[in-house]
Each structure stands twice: as C-alpha cells, then as structure tokens.
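Here the structure is laid out as structure tokens; the discussion comes afterwards.
The values are calculated or read from the model by the stated rules, or taken from the named source; none is laboratory data. This one's a predicted model, so the numbers in the text were calculated from it and none came from an experiment. No Cβ is skipped: glycine too gets one built from the backbone with ideal geometry, and neighbour counts run over all protein chains shown. Note: areas computed on protein heavy atoms with side chains; ligands, DNA, RNA excluded. Shrake-Rupley method; radii C 1.70, N 1.55, O 1.52, S 1.80 Å.
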Amino acid sequence: MASSASRPLLIIGGGLMGLAIAHELAKKGRKIEILSRRRSEAAGFVAAGMLAPHAEGLKDNLFQLGQLSLKRIPKWVQTIEEDSGINCGLKNCGIVVPFCSEENRDHHPTANHGLILNRKELEAEVPGIAAQWHTALLFNQDGQIDNRRRLMRALEKACVSLGVHFQEGVEVLDVLHEEETLQGVSIRKAEGEIEIRPCQEAVLCSGAWSNQIFQAIPIFPVKGQMMSLQGPKNALQRIVFGPGTYIVPREDGLTVIGATSEREAGFHEGLTHSGQKQLHQGIDAIIPSANRWPQMERWWGFRPCTPDEGPILGASILKGLWLATGHHRNGVLLAAITAELIAKCICKDSLNSQEQRLLKHFNWRRFKL
Ligand code: GLY
C-alpha cells in the first residue's frame, strides 16, 4: 500500500468539474487520481457550452460567481489549450435574448447589462427570427465553448500530460471517515472487486449522483434532452436564447438545440417523444426555417441541481473532503472559477474578500435545517 505521504488526492467524478479541478491542482504540483464511473454520462458532455450569466438572467451571488468565472475563462482556456494542444472552440459570439414586449424585456434580471435591439436590429442579428419577437437584449459579454467535442477532450489530455492518473469504470460506494476526518473511500472496480482506497484528501464532484455517495448534500437530477442540426456554415453568428429553448451555432455550422428541463424524470434515461417535440416547437418559435436543417444527433443528460439552484462549493463536514457539485444549468460557465476556488482552498492559497464571501455563501451548510 502507498505510504500516506505519497497518496494522491482523489477526485470523485471524471466530469467537467473533476477534470478542471484535477488540472488546476496538477498545475500546482499535486498528485491526483480521478475515479470515474462512466465519463460519458457527465453533464460536461451533454451541455450546450453556453457561457451565459447574462442571458440566463442569473441573480445576486450566483450572478457574481458567473461573472467572475466569465472573466477568468479566456486565460483558463489558453492554459488548457497550451497543455493539451487542442483548440477548445471558445467563441465570444454574444447571446441574443428575444422578447415579445418591451415590458418583458425590461424585467429580465440582467437587462441593464444588455444592448437593446429593435425588431429591425434583431432581424439583422438573427436572420429568420420568428415574427412574434419585437425586441431583444444582446449580451456581447456572453459566448460559448465547444464542450462536447473539444473542451472535455482537451482537459483530459492536459491532465494526462501533467501526470494525473485516471481510473474509469470505478464506482465510489461510500466515503469513509473516523469522527469527522476523511479516511478513504470504498470503491467497486470495473471488474467487480470491492476495495478500500485510503486517502486524506478528496474532492466530490459527481454531478447529479453526488448525494448517492455523500448523503449530507441535497442534490437531485434535472433531466435535459438536446439535439443538434447541421446548419449552413454562416447562417447564424449569435446564440439565440428563447424562453425554454436555445440555439447555439458552432463555428462549422453544427447547431446545438437545448433543452428540456425535467425535474420529475429523476434518473429516467432516454429520449421521449414529448421532450423531442418540445425542442422542435422551440425552434419553430424562434427560427422556424432551422427545423428544415438536417438533424444530426439527439441526446440527454442530468443536471445536478440543489434546492436554491446554486452550486455547493468548498469544505464539507469532513476534514479532507471538499465539495464541488450542484452547478445545475451553469456548469460550463462555472468550471473555471470552481477549479480555481477549490484548488486555492486545498492548497491553502490566499483568497480575496469576494472569493471568501462567495465560498461562504455557496457552502453546503446553507441547506442545514
Ligand atoms: N445551460 C443551459 C441548460 O442547462 O440547459
């Protein structure tokens, strides 16, 4: 058995948060091992990759956290690209949020951060936009990254190049502790053996499945169904974020359409007729002609949600166990700031007053009765 001094820090979950935190810690010289049950089910492979604190209309502390992350993303992505040699498809394309009335527009929580478009300007920004939309907000600050095809792969490669050890097909069954100190985890390996893995430090970032491993945190799945269309290459420059449906054009014209938001579905896997119908109705309501573009792929996944829809970040009740989960609709946006804050906590780096305040706010204890 490895001596305690040489034991790696365990990352429980090989999704976007796990990879981002592993990368950040490996860059600081930490020895890291990622335990992943099935990386393909990670929300990072499902999401549309929007970087959208303004279009999503985030509020209060979540908006601040989103803005902080948005600011960090260009440098974060540059580092990942340097470490991996893979371009992540970061695109500062702006997001258009259309409205039927000026009153609805002015009620959008981040309205004062956007540029008001009249109908004519909206038509110029979004060719083919449906007639019902009279006005819009353009958020030039928001953008996208090609999470499914590039960012996830780039992070995996960057982690490997920094010596991070990966174990795929490993299910973490339980977190083991003595009094209030982490002692290890019990795991079931891909081949079926059950083992105890001693460790002194671990980060729990298992997305929607987090509270199956650590029951103290209130996380539940919110299913999302998606699809993609192959649009003409320059048909659409901006993301369009309508109520219930968004349209995200990648550089090569592949256009991601999202997403249902199904709380009652639990972990029920698969596409449904009503979910897919909802996506097509959403396209009809925004850019009807896009419904004639060739359909490429349909998929689903599970957002990790908390009762207040904000993430759970930082220390847990156990010394040595850190939490980075519950990012709900904003995982891609918040990965950069999550990795930075969690790595700073673990390495005992100094945190500025805003970072301290946000970590305090997003601690799991806010859900304690
Ligand atoms: N970020 C958009 C969604 O979760 O559907």
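For the reader, a short list of remarks on this structure follows.
One line per residue, one yes/no per condition, for (1) open to solvent by less than 70 Å² (accessible area, probe 1.4 Å); (2) touching a helix residue (DSSP H, G or I) at 6+ places or on another chain (Cβ under 9 Å); (3) of a type in the set (S, T, Y); (4) within 17 Å of P218 (Cα to Cα):
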position	(1), (2), (3), (4)
Q278	no, no, no, no
I287	yes, no, no, no
T306	yes, yes, yes, yes
I312	yes, yes, no, yes
Q356	no, no, no, no
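- Residue under evaluation H177, criteria (1) more than 16 Å from W322 (Cα to Cα); (2) open to solvent by 70 Å² or more (accessible area, probe 1.4 Å); (3) in contact (Cβ under 8 Å) with a residue 60 or more places away in the chain; (4) of a type outside the set (F, W, Y), criterion not met: (1)
- Filtered residues of the range 239-255 (kept if within 15 Å of G89 (Cα to Cα), within 16 Å of the ligand (Cβ to nearest atom) and touching a residue at least 60 places away in the same chain (Cβ under 8 Å)): I239, V248, P249, R250
- The set of residues from the range 220-256 being small (G, A, S) and in a loop (DSSP other than H, G, I, E, B) comprises G231, A235, G244, G253.
- Taken as a whole, the condition of being within 14 Å of the ligand (Cβ to nearest atom) and over 23 Å from H327 (Cα atoms) applies to G282.
- The listed residue being charged (D, E, K, R) and closer than 30 Å to N104 by Cα, out of K71, K31: K71
- Residue list for the range 211-228, filter: in contact (Cβ under 8 Å) with a residue 12 or more places away in the chain and either under 11 Å from T306 (Cα atoms) or within 15 Å of the ligand (Cβ to nearest atom) (or both): I217, P218, I219, F220, P221, V222, K223, G224, Q225, M226, M227, S228
- Of all residues making up the range 180-207, the number that are within 20 Å of N363 (Cβ to Cβ) and either open to solvent by 60 Å² or more (accessible area, probe 1.4 Å) or not in a strand (DSSP E or B) (or both): 5
- Failed item, numbered, when V170 is tested on (1) more than 21 Å from P304 (Cβ to Cβ); (2) of a type in the set (V, I, T); (3) in contact with a Ser or Thr (Cβ under 8 Å, 6 or more places away or on another chain): (1)
- Whichever residue in the range 7-35 is open to solvent by 30 Å² or more (accessible area, probe 1.4 Å) and more than 19 Å from W76 (Cβ to Cβ) and, among such residues, is farthest from the ligand (Cβ to nearest atom): R7
- Neighbours by Cβ (under 9 Å, 6+ apart or cross-chain): first from the range 310-331, away from the ligand (no atom under 16 Å from the Cβ); second small (G, A, S) and assigned to a helix (DSSP H, G or I): I312/S210; L323/S210; A324/G18; A324/A20; A324/A339
- On the stretch given as the range 289-304, residues that are in contact with a helix residue (DSSP H, G or I) (Cβ under 8 Å, 6 or more places away or on another chain) and acidic (D, E) total 0.
- Near pairs, Cβ below 9 angstrom, 6+ apart or cross-chain, from the range 113-127 (touching a residue at least 40 places away in the same chain (Cβ under 8 Å)) to any residue that is of a type in the set (S, T, N, Q) and open to solvent by 80 Å² or more (accessible area, probe 1.4 Å): E125/Q237; V126/Q237
- One residue stands out in the range 257-276 among those that are part of a helix (DSSP H, G or I) and of a type outside the set (S, T, N, Q): the one that is least open to solvent (accessible area, probe 1.4 Å), namely G275.
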